Amino acid sequence: MQGGDELYLKILLDPIKTCAEYKPRFGQGTPSGGLTLQQFQSLYKADSSYGWLGLDNPMMYTAHRAAGGMTSLYRQIGIGCERLFRTILKDTLNLSDEDVIWSYDVHLASGKKRTLHLDGRIPLDRIADKEKREKIFAWMQESTKKIGVDPGVAATLKGMVFEVRQGYKSKDAKRQNADIANAATAYTQAYLPCAAILSTQIDTDISDRYRREKWMLLTGVVGANDSLISVYDFMRDVIGYDLASFFERNSPTLRKAVEDILRVLLT
């Protein structure tokens, strides 16, 4: 059963609202999650050098809070988008919570086990609606042709797994290498790895590398009318939910929520 705008908005906004509570730590690692203005001033005034330079100025606290808060805001938008995307897959394709989650274990040299996961999954054999199942399978076959997957491998694929992001500009090699490893594991388990970037904010070098590693990459292009390029066309034409219309309908609410967070962080 498909959820409504009220539920989907809550899923998206709940992580974002936590940003209003952000406080910078200033290297203290406090259990409460950060320092208040008064605690910050006490810390910096106790440091002769910082006191001489005037770094205990309240404006310095505001600058730290704004800078860290912006990073937190982007991160929480990403978390909200991931949860929303997964919920829409579940609702629209009538899948279970377990169906839309994908993880695998990595055995470390230390003998310990680490569990890794991606943000969503579509197992074809769990889709009861034959028309939807065939439409998704056909899209997968077109996708594998586009990114150059061997036809023999493509024929064995039993579904898709997703990495969902609001944008991707970080060139963190560790992060990219982890995603490359995720893709390799996905293929060994007969899943097509798909990166769903809900904006057009992705570094060209990153997108080129992901395509070379046989990720199917969808970005937030609007108006392309091509489900092999646009995540919004994919969601509308292949999955059956118009995600772009959801964002357009609820843009005033979303914009106000973000503005409220920004005002708090800049105060």
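Couple of notes before you dig in:
- Listed residue (Gln201, Ser230, Ser110) projecting farthest to the positive dipole end of the chain, Cβ model: Ser110
- Using alpha-carbon coordinates, inclination of helix 173-188 to the longest axis of the chain, degrees: 20
- With DNA, RNA and ligands ignored, accessible area of Ile16 (1.4 Å probe; Å², nearest 10): 10
- Each residue of the range 40-48 was assigned a 3J(HN,Hα) from its phi angle through the Karplus curve 6.51 cos²θ - 1.76 cosθ + 1.60 (θ = phi - 60°); the sequence is 4, 5, 5, 5, 7, 5, 6, 9, 4 Hz, with glycine and proline shown as x.
- If you run the Gaussian network model on the chain, springs between alpha carbon atoms under 10 Å, then out of Val238, Val222, Val106 the most flexible one is Val106.
- GNM on the chain, alpha-carbon springs under 10 angstrom: the most fluctuating residue among Ala67, Ala184, Ala20 is Ala67.
- Share of carbon and sulfur in the accessible heavy-atom surface of the chain [1.4 Å probe, %]: 52
- Each semi-axis of the equivalent ellipsoid for the range 122-163 is √(5λ) with λ an eigenvalue of the Cα gyration tensor; in descending order they amount to 18, 11, 9 Å.
- Exposure rank, largest accessible area first [Met235, Met59, Met70; 1.4 Å]: Met59, Met70, Met235
- 5 angstrom amide H check on Tyr241, placed H, neighbours 5+ away: Arg236
- Between Ser199, Ser170, Ser227, the residue with the greatest mean-square fluctuation in the GNM of the chain (Cα pairs under 10 Å linked by springs) is Ser170.
- For the chain, accessible area per residue (1.4 Å probe, heavy atoms of protein chains only), Å²: 53
- Proximity of backbone amide H atoms, modeled 1.01 Å from N, is registered between Leu118 and Trp102 at under 5 Å, excluding neighbours fewer than 5 places apart on the same chain.
- Taken about its Cα centre, the chain carries a charge dipole of about 580 debye when Lys and Arg each add +1 at the Cβ and Asp and Glu each add -1 at the Cβ.
- Across Lys171/Lys214; Lys113/Lys145; Lys174/Lys214; Lys90/Lys132, pairs whose alpha-carbon gap is larger than 24 Å: Lys113/Lys145
- Charge dipole magnitude, Cβ of K and R +1, D and E -1 - the range 1-145, Cα centre, debye nearest 20: 360
- Convex hull (Cα only) mean projected area of the range 1-143, reported in nm² to one decimal: 14.4
- Over the range 35-89, the pair-distance histogram of Cα-Cα distances with 10 Å bins from zero comes to 22, 32, 20, 15, 9, 2 percent, rounded to whole numbers.
- Reported value for the range 196-267: 109 Å³ per residue, from the convex hull of its C-alpha atoms.
- Global size of the range 131-267 as Cα Rg and Dmax, reported in angstrom: 16.7, 58
- For the chain, a Kirkwood radius taken over Cα pairs fed into Stokes-Einstein (37 °C, viscosity 0.692 mPa s) yields D = 159 µm²/s.
- Placing +1 on the Cβ of every Lys and Arg and -1 on the Cβ of every Asp and Glu, with no other charges, gives the range 176-267 a dipole of roughly 140 debye about its Cα centre.
- Close amide H partners of Tyr168, meaning residues 5 or more places away or on another chain with modelled amide H under 5 Å apart, are Gln201, Ile202, Asp203.
- Both numbers refer to the Cα atoms of the range 59-212; Rg and Dmax are 17.6, 61 Å.
- Spread over its residues, the convex hull of the C-alpha atoms of the range 162-206 is 66 Å³ per residue.
The values are calculated or read from the model by the stated rules, or taken from the named source; none is laboratory data. All values derive from a computational prediction rather than experimental measurement. Glycine also receives a Cβ, built like all others from the backbone with ideal geometry; neighbour counts cover every protein chain displayed. The accessibility values were calculated without ligands, DNA or RNA, using every heavy atom of the protein model including side chains. Shrake-Rupley method; radii C 1.70, N 1.55, O 1.52, S 1.80 Å.
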